[in-house]
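Student: Got a structure here, written out as structure tokens. Questions coming.
The values are calculated or read from the model by the stated rules, or taken from the named source; none is laboratory data. Computed from a prediction, not measured in an experiment: that's the story for all the values here. Ideal geometry is used to build each Cβ from the backbone, glycine not excepted, and the neighbour counts take in all protein chains shown. Areas reflect the complete protein model, heavy atoms only, side chains present, ligands, DNA and RNA absent. Shrake-Rupley method; radii C 1.70, N 1.55, O 1.52, S 1.80 Å.
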Amino acid sequence: MDTVSKKKRSEIMSRIRSKNTKPEMLVRKHLSLKGYRYRLHDKKLPGKPDIVLKRKKIAIQVRGCFWHGHNCKLANYPKTNRKYWKNKIDNNRKRDRKNDKLIKKMGYKLIVINECKIRNKKLNLENKL
């Protein structure tokens, strides 16, 4: 059972951002310090990747472990309404796979960075760029 009211839960969930998240900002800062120029949320690419390095044809997706069903400790389903959350996250993963294929088909190299790698300071982009 949820420990807060439906109204309060709705208010909490409405504050969760899909753009300019803390992990995304850290990746952008890292790229800027290394001198890379990039575009944000390119609407011309499937799934509007978080960061696009057009000259290098690289798309970077910074994914929250919970929302994208990553297999780590940050990605546990909530104890309430499990069926809803499993379905939601499964659909997110299907959409991710579809968009990832389309981006690669367009000739872009795709780099997916999960939130847990950023939190654990295991962000190693130099090998991938």
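Student: Once the piece of chain linking LYS105 and THR3 is laid out straight, how much longer is it, given 0.36 nm per residue of separation minus the C-alpha distance between them?
Tutor: Values: separation 102, 0.36 × 102 = 36.72 nm, distance 4.52 nm.
Residue separation times 0.36 nm, minus the Cα-Cα distance, leaves 32.2 nm.
Student: Ignoring ligands, DNA and RNA, what accessible area per residue does region 11-120 give at 1.4 Å, in Å²?
Tutor: Working: 7560 Å² over 110 residues.
On a per-residue basis, region 11-120 sits at 69 Å².
Student: Between their Cα atoms, which of LYS56/LYS117; LYS54/LYS94; LYS104/LYS128 are more than 20 Å away from each other? The partial results should precede the final answer.
Tutor: Working: LYS56/LYS117 23 Å; LYS54/LYS94 25 Å; LYS104/LYS128 15 Å.
Table pairs above 20 Å Cα-Cα are LYS56/LYS117; LYS54/LYS94.
Student: Something else now. What residues qualify as long-range amide H neighbours of ILE58, i.e. H under 5 Å apart, gap of 5 or more or another chain, H built at 1.01 Å from N?
Tutor: Those qualifying (amide H under 5 Å, at least 5 residues apart or on another chain) are LEU53, LYS109.
Student: Calculated FRET efficiency, LYS43 and ASN87, Cβ-Cβ r, R0 35 Å, to nearest 0.05? Could you put the intermediate results ahead of the total?
Tutor: Values: r = 27 Å, r/R0 = 0.77.
Given R0 = 35 Å and the Cβ-Cβ separation, E is 0.85.
Student: Helix 22-33 sits at what angle to the longest principal axis of the chain, using alpha carbons and giving 0 to 90 degrees rounded to 10?
Tutor: Around 10 degrees separate the two axes.
Student: Accessible area of the chain with a 1.4 Å probe: how many percent of it is carbon plus sulfur? Write down the numbers at each step before the final one.
Tutor: On the way: 4690 of 9420 Å².
Whole-percent figure for carbon plus sulfur exposure: 50.
Student: Now for a different question. Return the subset of LYS7/LYS79; LYS34/LYS88; LYS7/LYS48; LYS34/LYS57 for which the Cα-Cα distance in this structure is over 27 Å, preserving the input order. Intermediate results must be reported in sequence, preceding the final value.
Tutor: Values: LYS7/LYS79 18 Å; LYS34/LYS88 36 Å; LYS7/LYS48 31 Å; LYS34/LYS57 17 Å.
Over 27 Å Cα-Cα: LYS34/LYS88; LYS7/LYS48.
Student: Per q in 0.13, 0.14, 0.19 1/Å, what log10 I(q)/I(0) does a Debye calculation on the alpha-carbon atoms of region 12-82 return?
Tutor: Computed log10 I(q)/I(0) values: -0.47, -0.54, -0.87.
Student: For region 68-129, take every pair of Cα atoms, bin their distances at 10 Å starting from 0, and report each bin as a whole percent.
Tutor: In order of increasing distance, the bins hold 18, 38, 33, 10, 0 percent.
Student: Okay, moving on. Taking a quarter of the surface of the Cα convex hull of the chain, what do you get in nm²? List each step's numbers first, then the result.
Tutor: Working: hull surface 35.0 nm².
Spelled out: convex hull of the Cα atoms, projected over all directions, averaged, 8.7 nm².
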